[in-house]
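The values are calculated or read from the model by the stated rules, or taken from the named source; none is laboratory data. Predicted model only: the values in this text are computed from it and were never measured. Cβ atoms come from the backbone with ideal geometry, glycine included; neighbour counts cover every protein chain shown. Keep in mind that these areas ignore ligands, DNA and RNA; they rest on the heavy atoms of the full protein, side chains included. Shrake-Rupley method; radii C 1.70, N 1.55, O 1.52, S 1.80 Å.
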Amino acid sequence: MLLFALGFLLVILQPSTGQFPRVCANVESLLSKECCPPWDGDGSPCGELSSRGSCQNILLSQAPLGPQFPFSGVDDREDWPSVFYNRTCRCEGNFMGFSCGECKFGFSGLNCTERQVKTRRNIFQLTASEKNKFLAYLNLAKNTPSQDYVIATGTYTQMNNGSNPMFRDINVYDLFVWMHYYASRDTLLGGSNVWRDIDFAHEAPGFLPWHRVFLLMWERQIQRITGDENFTIPYWDWRDAEDCEVCNDEYMGGRHPTNPNILSPASIFSSWQVICTRSEEYNSQQALCSATGEGPIRRNPGNNDKSRTPRLPSSADVEFCLSLTQYESGPMDKMANYSFRNTLEGFADPQTAISNPAQSGLHNALHIYMNGSMSQVQGSANDPIFVLHHAFVDSIFERWLRRHRPMLEVYPAANAPIGHNRENYMVPFIPLYRNGEFFKPSRELGYDYEYLQEPALQSFQDFLTPYLQQARQIWAWLVGAAVFGGIVTAMLTGLIRACRKKKGGTSSEIQPLLIESEDYNNISYQSNF
């Protein structure tokens, strides 16, 4: 009870990060299309009096989109968040948040000037106390109302263009489940019509940056509702696993003794209610998920369709994926070949990098293998294994960034599926984040992974890898240049010696200078070199 009370108090006192800020979910804000709340520190919008930020027009990307979404003006998520707001806080320096009241990821302190890097650890390396604390934190988030954010229960049109706000409260954990749903839901076209080939968080370049932001926000929320500023999300390293190693009551919940499709009553997660899992029902009603409970978490790991996902991913699958040099390719969707993103996401074969949506590799394989709530995209975050899984996926993304050291320009600036261009804002986050802002090493965002920190030798090898790969491509030129250089050096050395010998025979007065020990040693060193 003490931990719950402390968490509740902290939520009230500190802002969170999520979807619609409660202070902007009203008629005035929606009709004016402005979300620039005052910062509590000085009472001015965006903390302007303290030079933290100011209320500014949103600058939307004008880069062309891919052909996957052939509509315009039919989905509230287009040009996010302009349907709801076209003015928000633009924060200065290291300040962040919907009112510029927070520090950017990786910074702390009164003025957000202190850099910090926290370490995410393997869940099996946690002590019993640390593991139990993590499970308790998850349960606390499921039972703590979000004080700063609400969710939309209707579209902007259903809200009568802002004059009839439709929002409701939600707990901290389900806020993130809802955000994952909202980013991946189908477009409602009216009647019973929907457009399914749309996803602002998957099947395109933004998949990895989007989930990176999602985890950072989720991590910060847990830190705040618990008061544990050192908390980091643990990861599950599923490479070469023979079964679901975390699917037991000691960790994320075992099987129910009489119903293998739900969790053991001994697990704290057995009482959790899922939300946003009935996409066909929402589509038929042309409605949004309202976050009402829809039954227990479902999970039956390993009893999935083996023709689609025959096994869990291997170390070899991961290593092959990491060897791919292109972040994105071709149509930049689930049909992309030789794309690191598409291979890691699981739509391309992890042994050939050729697109094959009928099979599920790497990231997708884990979701399908769980055979339950995790296996349906829109509601997958209901299962708390989701955060463990995506933390490890993010670590693979991090390994690729460190190995290949791509410039920001490697991330597509144009022609990606809707919402996935470099300068597009990620749906449905407020404050606003662009895809390209998170295409950078995790240390710059304030975190690292335990298994990526050691051996300096491994880091040195990762540093050298891209240069060695470039050298292989021009090795013939390098060898030729070396041979040519050797021939030129030999010829010049011969000429110099001949000249000196000739001079030595014409003047006895300068002869002693040729055998001065210091000069002689220098000449010998240069010749040998």
Q. Which of the residues belonging to the range 77-117 are of a type in the set (Asp, Glu) and open to solvent by 10 Å² or more (accessible area, probe 1.4 Å)?
A. Glu78, Asp79, Glu92, Glu114
**Q.** Condition check for Val387: under 18 Å from Tyr181 (Cα atoms) and buried (at least 21 other Cβ atoms within 10 Å of the Cβ)
**A.** yes
Q: Considering only the range 33-59, state which residues are without any contact (Cβ under 8 Å) to a residue 24 or more places away in the chain and under 12 Å from Arg87 (Cβ atoms).
A: Leu59
Q) Out of the range 166-190, which residues are touching a strand residue (DSSP E or B) at 6+ places or on another chain (Cβ under 9 Å), in a helix (DSSP H, G or I) and either without any contact (Cβ under 8 Å) to a residue 60 or more places away in the chain or not aromatic (Phe, Trp, Tyr) (or both)? A) Val172, Asp174, Leu175, Met179
Q) Applying the selection to the range 287-302, what residues are surrounded by fewer than 17 Cβ atoms within 10 Å (Cβ to Cβ) and of a type in the set (S, T, N, Q)? A) Ser290, Thr292
Q) Residue check: is Ser192 open to solvent by 10 Å² or more (accessible area, probe 1.4 Å), among the polar types (S, T, N, Q) and under 28 Å from Pro417 (Cβ atoms)? A) yes
(Q) Just checking, does the range 133-148 include any residue being in contact (Cβ under 8 Å) with a residue 60 or more places away in the chain, touching a helix residue (DSSP H, G or I) at 6+ places or on another chain (Cβ under 6 Å), among the aromatic types (Phe, Trp, Tyr) and closer than 30 Å to Pro357 by Cβ? (A) no
Q | Evaluation of Asp240 against (1) open to solvent by 50 Å² or more (accessible area, probe 1.4 Å); (2) within 25 Å of the chain's Cα centre (by Cα); (3) on the phi < 0 side of the Ramachandran plot (one fails), failing number | A | (3)
Q) Among the residues of the range 303-336, which ones are in a loop (DSSP other than H, G, I, E, B), open to solvent by less than 60 Å² (accessible area, probe 1.4 Å) and without any contact (Cβ under 8 Å) to a residue 24 or more places away in the chain? A) Ser329, Ala336
Q.
When you scan the range 360-370, do you find a residue that is in contact (Cβ under 8 Å) with a residue 12 or more places away in the chain, open to solvent by less than 20 Å² (accessible area, probe 1.4 Å) and more than 18 Å from Pro310 (Cα to Cα), even just one?
A. no
Q. In the range 410-426, what residues are open to solvent by 10 Å² or more (accessible area, probe 1.4 Å), of a type in the set (S, T, N, Q) and on the phi < 0 side of the Ramachandran plot?
A. Asn424
Q: For the range 11-40, name all the residues that are modelled with pLDDT of 80 or more, among the aliphatic types (A, V, I, L, M) and open to solvent by 10 Å² or more (accessible area, probe 1.4 Å).
A: Val23, Ala25, Val27, Leu31
Q.
Among the listed residues Arg239, Arg212, Arg196, identify the single one that is of a type in the set (D, E, K, R) and within 17 Å of Tyr433 (Cβ to Cβ).
A. Arg212
Q: Answer yes if at least one residue in the range 43-55 is within 14 Å of Phe200 (Cβ to Cβ) and surrounded by 16 or more Cβ atoms within 10 Å (Cβ to Cβ), and no otherwise.
A: no
Q) Pairs, please: C-beta under 7 Å, at least 6 apart or cross-chain, first residue of a type in the set (S, T, N, Q) and in the range 391-418, second assigned to a helix (DSSP H, G or I)? A) Ser395/Leu452
Q. When you look at Thr325, is it among the β-branched types (Val, Ile, Thr) and under 15 Å from Phe207 (Cα atoms), yes or no?
A. no
